[in-house]
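For reference, the structure is listed below as structure tokens.
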Amino acid sequence: KQWYQRRVADPDNRDSRCRAITIGRTTSAVLSMVGCLFALFVILVFKKFRFFTQRLVINVLCVCFLLASLSLHTGNLGHTTECSVAGFFRNLFGLTQNLWIMCIEVHLLIMTITQTRYPHLERVYHGVVWSTGLLLSLVPFIGDHYGPAGIWCWIKSETHYEHALRVICDYFWLLLLVFGGGGIYIYIIYRVYRSVYAYEGTYTPAVEAKKRNYKKNIRPLILYPFVGLLLGSISTANRFQNWVNPNQPVFGLNLAHSIETPLWGFVNALLYLMNRDTLHQLKPAVFAAAVRNWGKTTFTFTKSAEQSGGGPVVVEYTIRQDGADEVAGAQSQDDSSVGVP
């Protein structure tokens, strides 16, 4: 057998390329699972799940965690029922991951154009994502089209119909995420710069309101579509090569694809944790106070600081966890919400 046709679980599989793919995929999956769990724990501790934008991020992190856990346990399992089930979940989690990121892109576009929040859209997003994901992932079961697909279990590529299924169930949505999302991303950056940062006149309430809306509802999500654009390009290149020449896969592209697939969770979690407000909340004093006072609506803690003249001063911080739109405290008066990364 060729290296891409071997079963990962086969004890006789000593091909170095298969081992490299397995090691890369496993490492990437573990990093993503740990990163997603920690980011979700931070969201839980600071009760950020009360914010709509935060719940969009939670959905992405949860699906990324499931996809990473699946990548940790499965590869090419041969022509078995287990392989068909693994292929179904792989398509479901991969597709819903792309759909949730597209929902973030649509949400950013709506917020950028209208400057208005629409909380009812959350139910619409859930309905569209899960109904589309389940429906398209169930279709390949008709006719038994899930099975070994190179280095993993997915939709087979033995007939023209199966190639069409791949396009309908994955390629189309991936291309829409990469190219459509790229266009939306460029438009959003342009609109934000033109309406917020290009203005250099005197103070006006309308411009300040746009800045507050950007900080609260747009800035926390702005990099997630960029991550989808960047990572999605890797899988797009490998999928295109598989479609053009399915019998001669490129090892480098398969290795990159096997690492990239479960890596979405780690990169998205890293984006979340590296945000300025989140980094402030991860300071030991703030985090410990949040854990101790988790059941309270607000809590305060004190910390020694240095005055500009060099003398010590005790600063009191107040953290609100009730879903309020403002922050009380001396640390970030200009930010609109501590609950938004």
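The values are calculated or read from the model by the stated rules, or taken from the named source; none is laboratory data. The structure presented is a predicted model; accordingly, all values stated were derived computationally and were not measured. Note that each Cβ is placed from the backbone with ideal geometry, even for glycine, and that neighbours are counted across all protein chains shown. What goes into the accessible areas is simple: the full protein's heavy atoms, side chains included, and nothing from ligands, DNA or RNA. Shrake-Rupley method; radii C 1.70, N 1.55, O 1.52, S 1.80 Å.
Things worth noting here:
- Scanning the range 95-134 for residues that are hydroxyl-bearing (Ser, Thr, Tyr) and either within 18 Å of Gly180 (Cβ to Cβ) or at pLDDT 95 or above (or both) returns Thr96, Thr112, Tyr125, Ser131, Thr132.
- Any hit, the range 214-223, residues being farther than 23 Å from His163 by Cβ, modelled with pLDDT of 70 or more and open to solvent by 40 Å² or more (accessible area, probe 1.4 Å): yes
- Within the range 152-174, residues that are at negative phi have Cβ atoms under 9 Å from residues that are assigned to a loop (DSSP other than H, G, I, E, B) and acidic (Asp, Glu) in these pairs: Lys156/Asp144, counting only partners at least 6 apart in sequence or on another chain.
- When the range 155-189 is filtered for residues that are more than 17 Å from Asp144 (Cβ to Cβ), at pLDDT 80 or above and either in contact with a His (Cβ under 6 Å, 6 or more places away or on another chain) or among the aromatic types (Phe, Trp, Tyr) (or both), the ones remaining, listed by number, are Tyr171, Phe172, Trp173, Phe179, Tyr187.
- Boolean, Arg55 is surrounded by fewer than 15 Cβ atoms within 10 Å (Cβ to Cβ) and of a type in the set (D, E, K, R): no
- Selection count where residues are surrounded by 24 or more Cβ atoms within 10 Å (Cβ to Cβ) and more than 18 Å from Thr236 (Cβ to Cβ), scope the range 257-267: 1
- Looking only at the range 264-305, and only at residues there that are closer than 23 Å to Met33 by Cβ and outside any helix (DSSP H, G or I), the one that is modelled with the highest pLDDT: Leu282
- When residues of the range 85-135 are limited to those that are over 17 Å from Ile188 (Cβ atoms) and of a type in the set (Ser, Thr, Tyr), the one least open to solvent (accessible area, probe 1.4 Å): Thr96
- Some residue of the range 72-92 being at pLDDT 90 or above and under 14 Å from the mean Cα position of the chain (by Cα): no
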